[in-house]
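Each reported figure results from applying straightforward, stated rules to the coordinates on display, with no laboratory input. Nothing here was measured: the structure is a model prediction, and the numbers come from that model. No Cβ is skipped: glycine too gets one built from the backbone with ideal geometry, and neighbour counts run over all protein chains shown.
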Amino acid sequence: MFVIGPEVIPLFKKTDFSHSRNMFIMVIDKCIASIDNLKEIILEVDVLAIKHCKYGVCKSHLKFAEEALLKTLEEFDPNWDKEVEEAWTVLFSLISALLKRWLPDNAVESEGTQCSLQ
């Protein structure tokens, strides 16, 4: 993600990447397990959005994360094909759309911003 969107690097200066990786996997697992229950996914992503808003994440940062995640999954999944890519793209697009409901439009607005549903 840092190669695709170097402007996000400062957001990670205090990040424990091991913890972040575990949290990411947990959220994705919960979303997959709740794929037939949109309300559960919304609740999970709302909590995630509020945390990310407080970290200074804004809407424009999400495209970097989605692209990096898809490239990473493709690299490590020997069964990767168009169908798998489409399924992950749909999930990440849903998560991204839900996150955007909370995040400010740009990084300048996000500094010290109180998160609120938009």
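Ranking I25, L11, W80 by how far each Cα lies toward the positive end of the dipole of the chain (charges on Cβ) leaves L11 at the top.
Which is the longest run of the chain containing none of the chymotrypsin sites (Phe, Trp or Tyr not before Pro) found in DSSP loop states (not H, G, I, E, B) with at most 14 other C-beta atoms within 10 Å? Before the final figure, lay out each step's value.
On the way: sites that count: F2, W80.
Of all site-free stretches, the longest is 3-79.
Seen from A49, the other residues with C-beta closer than 12 Å to its C-beta sum to a net charge of +3, counting Lys and Arg as +1 and Asp and Glu as -1. Expressed in Å, the radius of gyration and Dmax of the Cα atoms of the stretch 18-109 are 13.4, 41. Model label points for S20 and L73, set 7 angstrom from Cα along the Cα-to-Cβ axis, are 1.9 nm apart.
Using 29 Å as the Cα-Cα cut-off, could you pick out the over-long pairs in K30/K82; K13/K59; K39/K59; K54/K82; K14/K39; K59/K82? Display every interim value, and only then the final one.
On the way: K30/K82 23 Å; K13/K59 19 Å; K39/K59 22 Å; K54/K82 35 Å; K14/K39 32 Å; K59/K82 26 Å.
Over 29 Å Cα-Cα: K54/K82; K14/K39.
Restricting to Cα pairs below 8 Å that are 6+ residues apart, what does the relative contact order work out to for the chain? Please round to a whole percent. The partial results should precede the final answer.
Details: 94 pairs, mean separation 40.3, N = 118.
The value is 34 percent.
About its Cα centre, the dipole of the stretch 1-46 is roughly 220 debye, where the only charges are +1 on Lys and Arg Cβ and -1 on Asp and Glu Cβ.
Would you calculate, for the chain, the mean residue ellipticity at 222 nm contributed by helices, counting each DSSP H stretch of 4 or more residues as -39,500 (n - 2.57) and dividing by all residues, to the nearest 500?
Details: 5 runs with 73 residues, N = 118.
It lands at -20000 deg cm²/dmol.
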